[in-house]
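Readers should treat all values here as calculations from the given coordinates under stated rules, not as data from a laboratory. Here the structure is a predicted model, which is why all the values come from computation and not from measurement.
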Amino acid sequence: MSVTGLPPYDDANVFARILRGEIPCKRVHEDAHALAFHDINPQAPVHVLVIPKGRYVSVADFSAHASEAEVAGFWRVVAKVAKDLGLEAGGYRVLTNMGADGGQEVPHFHVHIFGGRRIGRMVPKAD
Ligand code: AMP
C-alpha cells in the first residue's frame with residue numbers, strides 16, 4: 001500500500017489506456033493537464049469524467065504529489081467543461097470517489113461531473 005491507502009499506480013488501468021489511445025472515449029476536452037470524456041455508464045443526462053494526464057491513483061495522491069500547475073490546470077478544466085456543457089446556469093455536482101469506502105473502481109484519479117437534472121441527495125441514506 002502507498003501512503004494514500006491505495007496500491008501504487010497501475011499503468012494497465014482503463015483510464016491510463018484511454019490516455020494512451022488504446023481504447024476510445026467520447027472526448028469533451030483535452031489539454032496539457034487533463035482529459036474530459038463522457039462516462040460509459042451515465043448516471044445523469046450529463047455525466048462526464050475529468051482525469052489528470054499524470055499518473056495519480058486518487059485525490060489523496062494527486063493533492064500530495066501533483067505540481068501547482070497540474071492542480072490548477074486540472075480544476076480549471078473541471079469548471080470549464082461544466083460551463084461549456086451548459087451546466088453552469090442550472091448547476092451541477094462534482095464528485096470524486098476515494099478508496100474502498102468511497103467506492104472507487106478505477107485507480108486513476110478522476111472527478112465525475114453530473115448535471116442536466118436535479119441530482120438529488122448528496123449521499124444515499126444508509127441501509
Ligand atoms: P469510480 O467508481 O469513481 O472509480 O468511477 C469509475 C467510472 O468510470 C464509472 O462511472 C464507470 O462507468 C466509468 N468508466 C469505466 N470504464 C470506462 C470507459 N472505458 N469509458 C468511460 N467511462 C468508463
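The amide H of K53, built 1.01 Å from its N in the peptide plane, has A34, L35 as neighbours under 5 Å, considering only residues 5 or more places off or on other chains.
Size estimate for the chain follows the Kirkwood approach: the inverse of mean 1/r over distinct Cα pairs works out to 15.1 Å.
Taking every lysine pair in the chain that is 8 or more places apart or spans two chains, those with Cα atoms closer than 24 Å amount to 5.
With runs of 4+ DSSP H residues as the only contributors, calculate the mean residue ellipticity of the chain at 222 nm using -39,500 (n - 2.57) per run, divided by the residue total and rounded to the nearest 500. Taken over the chain, the calculation gives -7500 deg cm²/dmol. Across the stretch 14-115, Cα pairs under 8 Å and at least six residues apart give a relative contact order of 32 percent. Kindly work out what percent of the DSSP beta bridges joining two residues of the stretch 4-127 are antiparallel, to the nearest 5. Close to 100 percent. Under a 5 Å amide H cut-off, with hydrogens placed 1.01 Å from N, D39 pairs with H47, V48, L49 among residues at least 5 apart or on other chains.
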